[in-house]
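K.L.:
The structure follows.
The values are calculated or read from the model by the stated rules, or taken from the named source; none is laboratory data. Small disclaimer: the values here were computed from a predicted structure and weren't measured. No Cβ is skipped: glycine too gets one built from the backbone with ideal geometry, and neighbour counts run over all protein chains shown. All accessible areas refer to the heavy atoms of the entire protein, side chains included, with ligands and DNA or RNA removed. Shrake-Rupley method; radii C 1.70, N 1.55, O 1.52, S 1.80 Å.
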Amino acid sequence: MKKLVVLSGAGVSAESGLRTFRDMGGMWEEFDVYEVASPAGWAKDRKLVLNFYNERRKQLLEAKPNRGHLGLAELEKEFDVKVITQNIDDLHERAGSTSVLHLHGELRKSRSTADPRLIYEIEGWELNEGDLCEKGSQLRPHVVWFGEAVPAIEEAAEFVSGADIFVIIGTSMNVYPAAGLIDHVRAGIPVYVIDPNEVSIPGYPHLHVIRKKAGEGITDLINELRKLKQ
Ligand code: OAD
């Protein structure tokens, strides 16, 4: 089977009712990213940070995978699919994708502030001050904040360099190191972009752009990929 590697972002979950970050009405218009998603913000006001992610988690529990997630999962019947996602939601998994690498962490997990190896599932939607790890330290959301390292990036880069087909879906390609993964794509392989808006990817003039929302664009992608196989 051909190796198909997907890089997904907030746009793939937009039709599930989860807001993107940089579109009009996006999350970073309402919230100051440094207040809610940085180590400095955590040091300044934990409660604000915990509330921000609690709200996200509450919405996620009510959300369902959409046609975009489901289509990517269906592609596993025909391709060896690896999804690399910048999303902290679990909608790819719930849609049935079996190989999902979360670059920016996972909303439904918490992590010890004393020992980053201690990671726990969160029951329900709340993580609060006073919720402690087994060593007695405060738990924080298991997400990557601005200014923090992205531990999964090397594994992701390896997946991308082994890809026969690369698909970018629902990401503005603004945040590094995730956006830099495209530089690991082997020369000459097909690269598809599904996004209703223009995405600037300098240095890559030969992209197959499907200028549609994920839910509709995924059907076009599946058709295109079938043609490639013939
Ligand atoms: P952005 O909000 O930057 O980009 C979302 C992309 O999705 C844009 O290109 C939109 O045009 C597109 N889009 C909107 N609706 C769509 C739909 N229905 N179908 C397909 N595409 C759609 O989100 P990301 O690129 O994911 O990081 O942002 C990357 C990182 O920045 C996030 O992981 C988060 C954020 O700050 C952290 O919090 C660490």
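K.L.:
Might you let me know whether the stretch 18-35 holds any residue that is at pLDDT 95 or above, more than 6 Å from the ligand (Cβ to nearest atom), crowded, with 17+ Cβ neighbours inside 10 Å and of a type in the set (Val, Ile, Thr)?
P.N.:
Within the stretch 18-35, not a single residue is at pLDDT 95 or above, more than 6 Å from the ligand (Cβ to nearest atom), crowded, with 17+ Cβ neighbours inside 10 Å and of a type in the set (Val, Ile, Thr).
K.L.:
Follow-up. Could we say that Val209 is at pLDDT 95 or above and either surrounded by 15 or more Cβ atoms within 10 Å (Cβ to Cβ) or not assigned by TED's automatic domain parsing to the domain that holds Leu91 (or both) here?
P.N.:
So Val209 fits the description; yes.
K.L.:
What are the residue pairs meeting all of these: first residue in the stretch 1-13, first residue in a strand (DSSP E or B) and near the ligand (Cβ under 8 Å from one of its atoms), second residue open to solvent by less than 10 Å² (accessible area, probe 1.4 Å) and modelled with pLDDT of 95 or more, Cβ atoms under 6 Å, and 6 or more apart or on different chains?
P.N.:
Ser8/Thr85; Ser8/Ile169
K.L.:
Then there is this: So, in the stretch 36-54, of the ones that are among the aromatic types (Phe, Trp, Tyr) and touching a residue at least 40 places away in the same chain (Cβ under 8 Å), which residue ends up nearest to the ligand (Cβ to nearest atom)?
P.N.:
If we take residues in the stretch 36-54 being among the aromatic types (Phe, Trp, Tyr) and touching a residue at least 40 places away in the same chain (Cβ under 8 Å), then Tyr53 is nearest to the ligand (Cβ to nearest atom).
K.L.:
From the list Arg67, Arg117, Arg108, Arg140, which one is among the basic types (Lys, Arg), at pLDDT 95 or above, within 16 Å of the ligand (Cβ to nearest atom) and more than 30 Å from Ile218 (Cα to Cα)?
P.N.:
Arg140
K.L.:
Does Pro190 fit the bill of being of a type outside the set (D, E, K, R) and touching a strand residue (DSSP E or B) at 6+ places or on another chain (Cβ under 8 Å)?
P.N.:
So Pro190 passes the test.
K.L.:
Among the candidates Glu78, Glu106, which residue alone is among the acidic types (Asp, Glu), surrounded by fewer than 23 Cβ atoms within 10 Å (Cβ to Cβ) and in contact (Cβ under 8 Å) with a residue 40 or more places away in the chain? I'd like the intermediate steps shown before the answer.
P.N.:
Numbers: Glu106 fails: in contact (Cβ under 8 Å) with a residue 40 or more places away in the chain.
Of the residues listed, the single one that is among the acidic types (Asp, Glu), surrounded by fewer than 23 Cβ atoms within 10 Å (Cβ to Cβ) and in contact (Cβ under 8 Å) with a residue 40 or more places away in the chain is Glu78.
K.L.:
If you take the residues of the stretch 160-197 that are touching a residue at least 12 places away in the same chain (Cβ under 8 Å) and over 16 Å from Ile84 (Cα atoms), which of them is most open to solvent (accessible area, probe 1.4 Å)?
P.N.:
Per the stated criteria, the residue is Arg186.
K.L.:
Now, a different point. Only one of (1) in contact with a strand residue (DSSP E or B) (Cβ under 7 Å, 6 or more places away or on another chain); (2) within 15 Å of the ligand (Cβ to nearest atom); (3) more than 22 Å from Ser172 (Cα to Cα); (4) open to solvent by 20 Å² or more (accessible area, probe 1.4 Å) is not met by Arg57, so which one is it?
P.N.:
Status for Arg57: all satisfied but (4).
K.L.:
What are the residues in the stretch 115-124 that are closer than 27 Å to Val175 by Cα, part of a loop (DSSP other than H, G, I, E, B) and open to solvent by 50 Å² or more (accessible area, probe 1.4 Å), if any?
P.N.:
Pro116, Arg117
K.L.:
Right, next: Looking only at the stretch 192-206, count how many residues are more than 24 Å from Pro65 (Cα to Cα) and either at pLDDT 95 or above or touching a helix residue (DSSP H, G or I) at 6+ places or on another chain (Cβ under 8 Å) (or both).
P.N.:
2
K.L.:
A further question follows. Could you list, in sequence order, the residues of the stretch 81-103 that are more than 14 Å from the chain's Cα centre (by Cα) and crowded, with 23+ Cβ neighbours inside 10 Å?
P.N.:
Selection gives Val81 alone.
K.L.:
To continue, here is another question. Please determine whether any residue of the stretch 131-151 is open to solvent by 20 Å² or more (accessible area, probe 1.4 Å), touching a Phe, Trp or Tyr at 6+ places or on another chain (Cβ under 9 Å) and among the hydroxyl-bearing types (Ser, Thr, Tyr).
P.N.:
The answer is no, given that none of the residues of the stretch 131-151 is open to solvent by 20 Å² or more (accessible area, probe 1.4 Å), touching a Phe, Trp or Tyr at 6+ places or on another chain (Cβ under 9 Å) and among the hydroxyl-bearing types (Ser, Thr, Tyr).
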